[in-house]
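Please read the structure below before turning to the comments.
The values are calculated or read from the model by the stated rules, or taken from the named source; none is laboratory data. Not measured: the values here are computed from a predicted model. Heads up, the Cβs are rebuilt from the backbone with ideal geometry, glycines too, and the neighbour counts pull from every protein chain shown.
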Amino acid sequence: MKQNKEPTLLRQIITIHYEQALRRKALRILSKQSWSVDFLALLLAKAAKLSSNNIQIVIENKDGMKCTMSYEESLKTDVQQLDDSIFNHLDDNAAIDRFVREHSTRG
């Protein structure tokens, strides 16, 4: 009869470290996605106020999956915590580059 071997201590440590690394990576991705949705909600709210229309954003990937955000939905999102100072510097290329570097993913 074959006995089930328990993993060695080294193998258990490696497994725990690997799972923690995956967790940290998932949290980083989630925080960037949350920031991106908040940014789009703020952008949509500003555009709707300027145009005085009820507008929506539709994002579609190459597989056909769609994400739709309307002005009403953007009002439900708490975007007050998002620093919208970049909107005051859209004509400053250096400020835009700095903003993109701070909020971009590193692969």
Residue 78 passes all but one of (1) outside any helix (DSSP H, G or I); (2) modelled with pLDDT of 85 or more; (3) acidic (Asp, Glu); which number fails?
-> (2)
Complete set of residues in region 13-60 that are loosely packed, with under 14 Cβ neighbours inside 10 Å, in contact with a strand residue (DSSP E or B) (Cβ under 7 Å, 6 or more places away or on another chain) and aliphatic (A, V, I, L, M) | 58, 59
Considering residues of region 87-107 that are modelled with pLDDT of 75 or more and exposed (fewer than 10 other Cβ atoms within 10 Å of the Cβ) only, the residue nearest to residue 47 (Cα to Cα) | 91
